Amino acid sequence: LGAPSHVYDPLPKALRARGWSTQCKSNSCAIRISGAADRLAEDNRFLFTLRRAVPIEALVIETATRGRSESFYLRYALTTGENLPFQVTVRTAGTVDPSRLSQYGLIIVNDARISPSLGAQLRRAAEAGAGLILATGPHSEPAAFAAAWGEEFPVQLQGTVTPRGGALTLGGGIRRDQPIFELFGDGGRLVSGRVFGYHRVAAAAEASVLARFDSGDPAILEWPLGHGRTLLLATTLDASWNDLPLRPAYLPLVRQMTRYLVERDERPWHPVGAEISLPTTASDEKSPPLLERPDGERVRNLPRTSEGEWLLRPTRAGLYRLRREDRADPFAVNVDPTESDLRQLAVAPFVASWTAEGGAASGEAASTPGAPTRSGPATPEPAELEARQQIWLYLLVAALLLFLSEGVVARRIRMARVLS
């Protein structure tokens, strides 16, 4: 990894002695078996890609106050531990440099009063692909919020709510299918967090509610914004309106929200014939990328998915590249490993797979050395299959007789009416 001329060989000496080797250049890697004389040489090479995770620049915007920063718990959650994906910078709304917003992959507005001009610049950064989190609290007044983000913003604040009895719990309506909450299991640990205040939120159709308070009001909302995604919390990320920062669920909740916005699962390789969707960038609208196939041929006018991503269907194994103006993104394609099994298939399992759904090889075929086996119910005997087919024949004959008798009866009724 590293420079294109650098070759990285991570295999143990025992595997290298058996003819295995690796070559990794610019995060594009290949494992090869040398000296193997078989009838299928295509699977003697396995391609994959490696990407070194570069820490993402994260910006936290807070309100200037005396004493301890209101983002103390938030910064602690994002910077505690090893191999964290973020480098966090905390700024007040008046000290943010708008010209540097494009360098941040994650922006968190932590209950800060921002100007309409800064709000417009933050929206442009989110539309370009940055993840955006809006945490509301005592500094987020509904009128100032609407002025900063615009009247057409998918969510609007409608006022502050103080629960009767002093507290609510966050966890009355959590969407368990959301990746944000996958660490909390079916029971969920968010119910331990008590909420003393929150904003009632009016949401448009494009905003979906991910979690609710026990009162039924939205607690966490999500909606797309250009190439990025946005989350809004109706309460604070500090301890002024809730005690979530003092609970064990706070750290995994914050990290799951941030990872959900900025991280994307990337497979190191894809099988031949699979549909591959690659994300678009802001520069793709001006200059669409080219697909470079393993043989060097370049393909233009790539199709796109319903979500706007580039859709690729590789038809052969090899290393492909999606070339843009500033970079080329490689991805590896290999043949399906199950297609490399050249052992002769026994007759019984093959017949069973076509005559009975989910059937398996009979006991005689299963005892054949080297024959592939399948688990499932036993294959019916030929006599049993013939008996099943005879049942359908009897049913067809009965249906035909019923149809003919209905015609005869209808004809007699009609003739009786004519004679009368």
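Values as computed for the structure displayed
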quantity	calculated
Rg and Dmax [Cα atoms of the range 96-143; Å; Rg one decimal, Dmax integer]	10.7, 30
Sequence of TRP354, TRP269, TRP223 when ordered by accessible area, the most exposed leading, probe 1.4 angstrom	TRP354, TRP269, TRP223
Label-to-label distance, nm, for residues given as ALA128 and ARG313 (7 Å Cα→Cβ offset)	3.5 nm
Given charges at beta-carbon only (K, R positive; D, E negative), |dipole| of the range 206-298 in Debye	180 debye
Of THR169, GLN158, PRO142, farthest towards positive along the dipole that unit charges on Lys, Arg, Asp, Glu beta carbons give the range 122-181	THR169
Two-decimal Rg to Rh for the range 66-166 - Kirkwood Rh, Cα set	0.98
Semi-axis lengths (Å, descending) of the ellipsoid that matches the C-alpha gyration tensor of the range 277-331	18, 13, 9
1.4 Å probe accessible area per residue over the range 91-143, in Å²	41 Å²
Solvent accessible area, Å² - SER69, 1.4 Å probe, full protein context	50 Å²
For the range 196-317, fraction of C-alpha pairs farther apart than 20 Å, in %	60 percent
Net charge, PRO314 excluded, C-beta distance under 10 Å - Lys, Arg +1, Asp, Glu -1	+2
Geometric extent, Cα atoms of the range 85-239 - Rg, Dmax (angstrom)	15.5, 46
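The values are calculated or read from the model by the stated rules, or taken from the named source; none is laboratory data. Keep in mind that what you see is a predicted model, and the values were worked out from it rather than measured. Glycine gets a Cβ as well: all are built from the backbone with ideal geometry, and neighbour counts include every protein chain shown. The area values use the complete protein model at the heavy-atom level, side chains included, leaving out ligands, DNA and RNA. Shrake-Rupley method; radii C 1.70, N 1.55, O 1.52, S 1.80 Å.
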